[in-house]
Every structure is written in structure tokens, then in C-alpha cells.
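Presented below is the structure to which this report refers.
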Amino acid sequence: MTISFKDKVAIVTGAGGGLGKAYALELAKRGAKVVVNDLGGARDGTGTSDAAAQVVEQIKSAGGEAMANGGSVTEYEQMVEMVAKAKEAWGGVHVLINNAGILRDKSFAKMDMPDFNLVLQVHVMGSANCTKAVWDTMRDQAYGRILMTTSSTGLYGNFGQANYGAAKLGLAGFTKTLHLEGAKYNVRVNSLAPVAGTRMTEDIFPEGLFEQFTPENVVPAALYLVSEDAPTNMIIGAGGGGYHAAYVTMTPGVALRPEDRNVEGFAAAWDKIIDRTGETVPQSGGEQSIAVMKALQALG
């Protein structure tokens, strides 16, 4: 089975290098017309360059179709303009990979709040701006594939990245609601937690491992998650040739009788509350309330 993106228009943000570039090149190789978006800044978000134009030239030299876009994902009107230009040139937008990101790493004690805010602006609001800019188009054409970039830092934590972790778990939550709202319009939304050796991670990897975790090893997961047969509402990890799924689960928990609904009663039930036997993977937030009501009914 060959997965093709022929007749599809894809936007990849942060595609001037690293993961975004790898996504853009493979999408174009498989027939997609690609908008290569990149402000061209350093990994802390400063500066600009013509990185996007260079990737476009590489795609065109290989016989593909692409256009460069230097808009900032933090500016909603610039993202609306980017989508409009893609539609004017190619008729629609079918794939969006929200990949643009920056780092401002420090322990929370030493972190300035502007650095906390900027990371959230780029990752969370940047992804929201791009997604909002394509949302009506995807609904109207009854087809859309959107990929958010989450992170193991957001899912599990990492010292010195409180801002990044908050942003990345926020994107996983963003995915879960959009998957529900986009379902009847054939808009599928997933999250990818990549592990790759790029300029964003060059001083994080242990010596000797950087070269093993090439962006190209993440591409299979990313492109499958935006393909025609993509799942929806998944969190997938990918890196170095390894791939896995991550889930937000809920334990069966307990229902406490009125006389036990105090701090002492909760403490006494702690082991049962955290017992993972029979845990579930809720598909919407309402399932938490349903589980509580069923447990209360069982009390009699």
C-alpha cells in the first residue's frame, strides 16, 4: 500500500529546517503541494532568515510544487493571509502540521514571566491561530487532517521546561476537543510527540545519540497521522525508529459515602483511588461525570 498526498495541499509551520523541513520534503515527494512556513528565527525565536525559500527551492528542484511563507504563527491575520494564498493558488488546504516552536529553557525559579508567556504564545496560540485559519475551509470541504506537536515534556515533565511543558500538554488537550468538533466534517486531529536531533535539541541529547535520532525517523508517524486513512484523537510518540501511543486514562476510583467525604476518608481510600486495575481511556470529558454518577448509584 502506497500512501499518497496527490491533489492535497499541505501547510507545515516551522518548516525551514529540522522536523518541519523533513515533513515538507516527504509530503511534496508524495504529491502534495506544500506551503513551507518559517519565520527563520533562532530556536529562541529571535532573528529571521530565508530558510523557507531554501526548502521551497529544494522541493521545486525535485519536481514538486511549493510556496514559501514567512508569516509569524503568533499573528492570526498573517496566518489567515497564508491560507488565502494557498487557496488562491491551489484551491484548498487539506493538511496542517503545527510544528513551529521555540525554547526558552530555565528552571521555574529563574524563569522570567515574559519567557514563559512567549513560549505559550508560539506553541499554543501559534497552533490555535493556524488551526483557526484553516478550520472553516476544512469543514466546508468536508476534509481536513491536523497534527499538533506535543512533547514528552508536556506528557511527563522535564526539569527546566515548565513553560514548554505547559504549552505542550495544552496542545494535547486542544487536540482532544477539536477531534470532537471536527468529527462530522471529516476533520481528524492528532498529536505527535517527536524525539529528534535538531537545532532545538542539539545540546540536550547525550553525546553519540544526536545522529541516531534524525528527523527522518519521525516522518513516517507524522505523515500517517495526516493521511487520508489517519486515526483521530491519538497521541503518538516517535523517535530514532521507535513508535508508541500515549493515553490519558482514568482509574475506576471509588465513591465515598456521605460520612466518609472528608479529608480522612479520602486519605483512607487513596490506594483504591489510584489502583489502575480496570482503568479506561475516556473519549470525552463527560465520561468523568458519568463514571462518578455510576459509582454513586452503586452505593445504593
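Could you please state how large a percent of the accessible area of the chain is carbon and sulfur, counting protein chains only and using a 1.4 Å probe?
Carbon and sulfur together cover 54 percent of it.
Computing Cα extents along the principal axes in Å directly from the structure and comparing it against (1) 72, 45, 38; (2) 72, 48, 38; (3) 94, 68, 31 singles out (1). When the chain is treated as a Gaussian network with alpha carbon springs shorter than 10 Å, the biggest mean-square fluctuation among Gly20, Gly154, Gly278 belongs to Gly278.
When a/c reaches 1.5 or more, the comparison of a/b and b/c decides; with that in mind, is segment 115-154 rounded, prolate or oblate per its Cα gyration tensor? The shape class here is oblate. Sparse packing (at most 15 other Cβ atoms within 10 Å of the Cβ) combined with a DSSP loop state is found for the following trypsin sites (Lys or Arg not before Pro) in segment 207-294: Arg261, Arg276.
Among the DSSP helices (H) of the chain, those spanning at least 18 angstrom by Cα along their long axis with an average Kyte-Doolittle hydropathy of -0.5 or more are 76-90, 162-182, 286-298; this is a geometric and hydropathy rule only. Which residues make up the longest stretch of the chain that has no chymotrypsin sites (Phe, Trp or Tyr not before Pro) in a DSSP loop with at most 13 other Cβ atoms within 10 Å? Excluding the exposed sites themselves, the longest stretch runs over 1-107. Centre-to-centre separation between the Cα atoms of segment 12-28 and those of segment 241-259: 35 Å. Once Rg and the Kirkwood radius are both taken over the C-alpha atoms of segment 79-154, their ratio Rg/Rh works out to 1.10. The residue among Val12, Met234, Val119 whose Cα reaches farthest toward the positive pole of the charge dipole of the chain, with charges on the beta-carbon of Lys, Arg, Asp and Glu, is Met234.
Rolling a 1.4 Å probe over the protein chains gives Lys176 an accessible area of about 60 Å².
Go through Lys8/Lys168; Lys110/Lys168; Lys33/Lys132; Lys29/Lys106 and tell me which ones have a Cα-Cα distance over 29 Å in this structure.
Lys29/Lys106
The values are calculated or read from the model by the stated rules, or taken from the named source; none is laboratory data. Nothing here was measured: the structure is a model prediction, and the numbers come from that model. Because the Cβ atoms are built from the backbone with ideal geometry, glycine has one as well, and the counts that use them run over all protein chains shown. Side chains included, ligands, DNA and RNA excluded: accessible areas come from the protein's heavy atoms. Shrake-Rupley method; radii C 1.70, N 1.55, O 1.52, S 1.80 Å.
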